1. What order do you get for 100, 72 when you list them from fewest to most C-beta neighbours inside 10 Å?
2. Test of understanding: ordering 174, 68 by Cβ neighbours within 10 Å, fewest first, what list do you get?
3. Determine by what factor the alpha-carbon radius of gyration of the stretch 97-179 differs from 2.2 N^0.38 Å, reporting the quotient.
4. Cut-off is 10 Å between beta-carbons; in what order do 58, 171 appear when sorted fewest neighbours first?
5. Looking at the stretch 53-96, I'd like the Rg to Rh ratio, where Rg is from alpha-carbon atoms and Rh is Kirkwood's inverse mean 1/r.
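Please treat every number below as a calculation from the coordinates, not as lab data. Fair warning: this is a prediction, and the values are worked out from it, not measured in the lab. Please note: Cβ atoms are built from the backbone with ideal geometry, for glycine as well, and neighbour counts cover all protein chains shown.
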């Protein structure tokens with residue numbers, strides 16, 4: 001054996017080759033486990049302090065109203081009221097199956113094209129996917145379309161906003177409409 005061989009350690013040949021490494025590793029693991037436990041305990045208490053929402057139910061209601069009435073976008077309401085954007089999305093649009101509202105509204109292909117024409121003037125500019133129409137104007141148009149087939153059809157509660165959000169996602173529509181306080185809900189187009 002050479003002078004720098006692994007076997008010529010201070011423990012000599014009395015212990016198996018891997019024993020020394022395992023012993024060092026176990027003591028290192030014990031220390032790191034304790035450090036990890038302390039870290040997670042400290043991090044957990046910090047997390048508990050951070051998890052308490054800084055917003056109230058009233059703030060959430062105001063933020064939802066601001067988004068649904070098109071006074072603010074999701075990001076603006078989230079910032080103003082201190083509510084996470086995901087929380088706003090979940091409370092307005094639901095937590096899952098957000099596109100199912102399109103099926104519930106039951107527009108056929110011709111009606112969808114009519115809505116696109118009303119919103120975006122696709123006959124003039126076929127690739128235009130921007131609208132300045134208000135949500136109220138669009139929902140009134142859709143209700144009139146659907147009431148030709150189903151006289152009792154109306155959007156109730158948040159369903160109109162949910163439908164418009166899903167319709168915009170499906171057709172890549174960008175809504176440029178912004179309900180200014182001075183406008184009092186009037187259509188800007």
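1. Lowest to highest Cβ neighbour count: 100, 72.
2. With the sparsest Cβ surroundings first, the list reads 174, 68.
3. 1.02
4. 58, 171
5. Looking at the stretch 53-96, the ratio lands at 0.92.
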